[in-house]
1. Between A89 and Q59, what FRET efficiency comes out of the Förster formula 1/(1 + (r/R0)^6) with R0 = 22 Å and r the beta carbon distance, rounded to 0.05?
2. How large is the Kirkwood hydrodynamic radius of region 27-148, counting all unique pairs of alpha carbons, in Å?
3. With all distinct Cα pairs included, what does the Kirkwood hydrodynamic radius of region 30-89 come out to in Å, to one decimal, could you say?
4. Amide H neighbours of R112 under 5 Å, at least 5 residues apart or on other chains, H built in the peptide plane: list them.
Amino acid sequence: MPPTEPEPIAHAGIAREERDVETSAVAWFGVWLGVGCVIAALAVWGVFRFFAAQENAEQPVLSQHLEASLRRTPVAPRLEPLPLEPRIALRAAEDEQLSTYGWVDRKAGVARIPIDRAIELVVEHGVPGGMPLPEPAPEPVTGEAARP
């Protein structure tokens, strides 16, 4: 004999209880929860915009060279929180070396001098061990001074 469908059992007097859960209250709660989430998201967005504007206002004005260098810097995440500071410190150290006297190797008697002074010495005395600088050509005489 083939299996047959069971007959539904009638439950007399059983229905859902409408007095325990009010569906309209649950729906309104969902609506107000969504509105609250949107308001909170807008508030957080506004706070982030405020802090970003405040941080941008505190940034120093950079030269075009540094701006171009920063554009070449990879985007976040960065290993350095302030990527310009090491570059600025290196540049300051290089400028200090180029503008002061100091020893390179004291035992060998090698010293450094400011770059401006080195240029003056080369102009006055020529390159050490090199060929002397050529004499400047005389300026051509023109006008009234050229007539005898």
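1. Numbers: r = 18 Å, r/R0 = 0.80.
Working from the Cβ atoms, E equals 0.80.
2. Numbers: mean 1/r = 0.0444 Å⁻¹.
Evaluated on region 27-148, it is 22.5 Å.
3. Working: mean 1/r = 0.0681 Å⁻¹.
Roughly 14.7 Å, rounded to one decimal.
4. Correct list: G102, W103, V104.
Read the figures in this text as sums done on the coordinates, not as results from a lab. A quick note: this is a predicted structure, and the numbers were derived from the prediction, not measured. With ideal geometry, Cβ positions are generated from the backbone for all residues, glycine too; neighbour counts draw on all protein chains shown.
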